[in-house]
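Report on the following structure.
The values are calculated or read from the model by the stated rules, or taken from the named source; none is laboratory data. Just so you know, these numbers come straight off a predicted model, no measurement behind them. As a convention, Cβ positions derive from the backbone with ideal geometry for all residues, glycine included, and neighbour counts pool all protein chains shown.
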Amino acid sequence: MCAATEALLWGPAREWVRERLPASELRCRTGSGQATYHQFDPATHQHVITYGQRMVAAKFESQSAHGWLSTREIRKYGYFDGQVSTANLLAHTCCHEFAHLLQSASGKRKRGSVHNAAFYRILEEMHDSGAAMAVRAFLLERATHQDMMIPTASLDTFNAQARLEHFAIGDNVLFGTEGRQRQGEVIRINRRTCTVEGTGRWRGTRYRVPVSLMSHAENVY
């Protein structure tokens, strides 16, 4: 998310921002909690966007994802055709925080007036221009190269806890995204995920798998 923000959003907007806030720089960083935000220090001319690790984890499951503003925005304004998925939520979060940067640079961010009409005009333009889809594609491609999985299926009708009840320790499962499926055995059931020990060609590796990406091996063949 940091790399996508810096390469796809900050790169094209850098000079526009510097015309309004001279010498501006952007640093994206990862926070250990769920706090995700943009801040600007006029003394150092530095914008900082923080993406919380717990925020990212929360957007992998329906129950925890639905409480976020990004979910409500996708539904209300029809971003990504209104589909709430992990991939869409993470891409939209990048755009949401960068929209705050542009809002700050344009002088439209005021105390007590953050998610205002000016902010949503900026966010709308980022989606209409294709920037949001470019960020989504970047995240999916980077995840694939790093052997990670970002679900693209809708979270709207998915109940993680109910789905977990269908799995038990010792179950043989398939997991992953289309074209990159793996096989393993469930060795631990967590609150929203399962710990899976790889089998076959994936033996020796453990995975913490969102239940939305799992299915019983015998149900696939």
Considering ARG201, ARG191, ARG121, ARG142, which residue is of a type outside the set (Ser, Thr, Tyr), surrounded by fewer than 17 Cβ atoms within 10 Å (Cβ to Cβ) and outside any helix (DSSP H, G or I)? ARG191
Within the range 33-55, restricting attention to residues that are closer than 28 Å to GLY176 by Cα and in contact with a helix residue (DSSP H, G or I) (Cβ under 7 Å, 6 or more places away or on another chain), which residue is surrounded by the fewest Cβ atoms within 10 Å (Cβ to Cβ)? GLY33
Does GLU124 qualify as being acidic (Asp, Glu) and touching a residue at least 40 places away in the same chain (Cβ under 8 Å)? yes
Qualifying positions in the range 8-32 - surrounded by fewer than 18 Cβ atoms within 10 Å (Cβ to Cβ) and either among the hydroxyl-bearing types (Ser, Thr, Tyr) or at positive phi (or both): ALA23, THR30, SER32
Test ALA3 against the stated conditions and say whether it is in contact with a Ser or Thr (Cβ under 8 Å, 6 or more places away or on another chain), assigned to a helix (DSSP H, G or I) and modelled with pLDDT of 95 or more. no
Could you tell me whether ALA117 is closer than 26 Å to ARG14 by Cβ and without any contact (Cβ under 8 Å) to a residue 40 or more places away in the chain? yes
Across (1) within 30 Å of ARG75 (Cβ to Cβ); (2) within 22 Å of the chain's Cα centre (by Cα); (3) of a type outside the set (D, E, K, R), TYR207 clears everything bar (1)
Expected single match for farther than 22 Å from ARG18 by Cα and exposed (fewer than 15 other Cβ atoms within 10 Å of the Cβ) among SER113, SER70 is SER113
Name the pairs whose Cβ atoms lie under 6 Å apart, with the first residue in the range 19-30 and more than 10 Å from GLU6 (Cα to Cα), the second at pLDDT 95 or above and basic (Lys, Arg), and 6 or more positions between them or separate chains? SER24/ARG18
Return the residue satisfying two criteria in turn: it lies in the range 204-213 and is at pLDDT 85 or above and buried (at least 17 other Cβ atoms within 10 Å of the Cβ), and of such residues it is farthest from ASP147 (Cα to Cα). VAL209
